[in-house]
Amino acid sequence: MDKKLLTPGPLTTSKTTKEAMLHDWGSRDKNFIELNKSIRKSLIKLIDGEDLFECVPMQGSGTFAVEAMIGSLTKTNSKILILINGAYGQRMKKICEYHKRPYIVYEVVEHEVHDLLEIENIINNNKDLTHVFGVYCETTSGILNPIKSIADLVNKKNLSFFIDAMSAFGALPLSTKNLSFDAVAASSNKCLEGVPGVGFVLVKKAIIENTKGNCHSLSLDLFDQWQSMEKNAQWRFTPPTHVLAAFYQALKEHHTEGGVQGRYDRYMQNCKILCKGMEEIGFKQLLPEHLQAPIIITFMQPSDPSFKFEQFYDSLSKKGFLIYPGKLTIANTFRIGCIGYLNSNDMLEALKAIKKTIQEFNIQLN
């Protein structure tokens, strides 16, 4: 029996999503072409972006999509402000360095959000800025960044806003009806509950039409990928057929559950059960409730010398649950996810396993 993945991804998937990968697909077969069209159309619909946005899928993990977005949709004379409060903001910075994109950063500690007045001051003092990059939910801590407020400010300043929505897309609200952005990158295997292997970028058609020649990588060139799909509905290079079949099924199940709102409701219930249960056991949560996204929760490691993370991890693994190490630079922590094909009962069973492990190793939490 598969272990429950209480992680930020890959995630536990439904049986039917797994079963979708049992069949082989011809990459140029009309049925596979229709499957691709459906996926692209469904993703655009999730942001209410019909007639305004294009969907360009890209082989690889979410980082491939983020790098394709940055390398294809910006130029060497762009000037980018990167908002950093964790590892994924840092990763965007690193991508800009690789692609020789001029940038400045506004970095705050991993358990804080950016000050909007400071963002505005930075923009006002850097008249050559063209873009702002932000992370919706920073998986390093699980913090929910104020993406709408940032988007409103960037729009007021007439700059282009790119969003890394990797851990948010499909469960947290992101609609063109009330939020202004030019491009967003996400992947199949987070809140959409597909399997790893394909990312995607949703970008305004008016922008991607003018990006020919921007990218210095053939395989990550969004414009070239988009042109190919528009001309003959084909991927330029071998597509991850089984991953896409699973993604198609996962998107159908996402719709059946009630779309973004339905997925959010289940994850929020998982989050509440997990946070309340961990507090009752004696663990301290890193983030206050108003900054906590219902995606992944960071807990402080106990000060008791009896607590050793690897030992804790291995014991939970033997009980059928996989958690995640911490990624903070400011404290010793570990993380537990509440997304994927998991429900309230899974959270309660995980809490039982955690409580039993604490008792087994006689770890003092108070």
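Tabulated results
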{"quantity": "Relative contact order, percent, the chain [alpha-carbon distance under 8 Å, six or more residues apart]", "calculated": "25 percent"}
{"quantity": "Listed residues Ala20, Ala186, Ala65, most fluctuating in the chain (Gaussian network, C-alpha, under 10 Å)", "calculated": "Ala20"}
{"quantity": "For region 297-341, the Rg and Dmax computed from alpha carbons only, in angstrom", "calculated": "11.1, 34"}
{"quantity": "Estimated FRET transfer efficiency (Leu116, Trp25; beta-carbon r; R0 41 Å; 0.05)", "calculated": "0.30"}
{"quantity": "Estimated [θ] at 222 nm from DSSP helical runs (n ≥ 4, -39500 (n - 2.57)) normalised by residues in the chain, nearest 500", "calculated": "-12500 deg cm²/dmol"}
{"quantity": "Estimated FRET transfer efficiency when R0 is 25 angstrom, pair Gln269-Asn178 (beta carbons, to 0.05)", "calculated": "0.55"}
{"quantity": "Mean Cα-pair separation over length for region 52-210, i.e. relative contact order, pairs under 8 Å, 6 or more apart, %", "calculated": "30 percent"}
{"quantity": "Relative exposure of Leu73, Leu46, judged by other C-beta atoms within 10 Å (fewest first)", "calculated": "Leu46, Leu73"}
{"quantity": "Kirkwood Rh in Å, taken over all unlike Cα pairs in region 319-366", "calculated": "12.4 Å"}
{"quantity": "Gaussian network model of the chain, Cα within-10 Å springs - most flexible of Lys93, Lys252, Lys30", "calculated": "Lys30"}
{"quantity": "Electrostatic dipole magnitude of the chain [Cβ: Lys, Arg +1; Asp, Glu -1; Cα centre; debye, to 20]", "calculated": "420 debye"}
{"quantity": "Unit charges at the beta carbon, dipole of the chain: most positive-side option, His99, Thr333, His216", "calculated": "His216"}
{"quantity": "Segment Lys127-Gln359, length gained on full extension (0.36 nm per residue, minus Cα span)", "calculated": "77.7 nm"}
{"quantity": "For the chain, with +1 on Lys and Arg beta carbons and -1 on Asp and Glu, the positive-most of His111, Leu351, Asn366 along the dipole", "calculated": "Leu351"}
{"quantity": "Using alpha carbons only: equivalent-ellipsoid semi-axes of region 131-228, gyration tensor based, whole Å", "calculated": "22, 19, 11"}
{"quantity": "Label-point separation, Ser149 to Lys308 (7 Å along Cα→Cβ), nm", "calculated": "4.4 nm"}
{"quantity": "Relative contact order (percent, whole number), region 229-327, Cα cutoff 8 Å, 6+ residue spacing", "calculated": "15 percent"}
{"quantity": "Hydrodynamic radius of region 23-171 per Kirkwood, over alpha carbon pairs, in Å", "calculated": "16.7 Å"}
{"quantity": "Extension gain, His290 back to Lys45 (0.36 nm per residue minus Cα-Cα distance, nm)", "calculated": "85.4 nm"}
{"quantity": "Distance between modelled label sites at Asn343 and Val108, nm, 7 Å Cα→Cβ extension", "calculated": "3.8 nm"}
{"quantity": "Debye log10 I(q)/I(0) at q = 0.14, 0.15, 0.17 Å⁻¹ for region 203-325, Cα point scatterers", "calculated": "-0.91, -0.95, -1.00"}
{"quantity": "Once the Cα gyration tensor of region 259-360 is diagonalised, semi-axes √(5λ) in Å", "calculated": "22, 16, 12"}
{"quantity": "Pairs of Cα atoms farther than 11 Å apart, region 128-168, %", "calculated": "62 percent"}
{"quantity": "Sequence of Lys148, Lys190, Lys15 once ranked by neighbouring C-beta atoms within 10 Å, starting from the fewest", "calculated": "Lys15, Lys148, Lys190"}
{"quantity": "Sorted largest first, extent of region 15-73 alpha carbons per principal axis (Å)", "calculated": "35, 26, 26"}
{"quantity": "Ascending count of other beta-carbon atoms within 10 Å, so fewest first, for Leu159, Leu52, Leu81", "calculated": "Leu52, Leu159, Leu81"}
{"quantity": "Of Ser141, Leu11, Phe312, farthest towards positive along the dipole that unit charges on Lys, Arg, Asp, Glu beta carbons give the chain", "calculated": "Leu11"}
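Read-outs: derived from the displayed coordinates by stated rules, not from any lab. The structure presented is a predicted model; accordingly, all values stated were derived computationally and were not measured. FYI the Cβ positions are ideal-geometry reconstructions off the backbone, even for glycines, and counts take in every protein chain you see.
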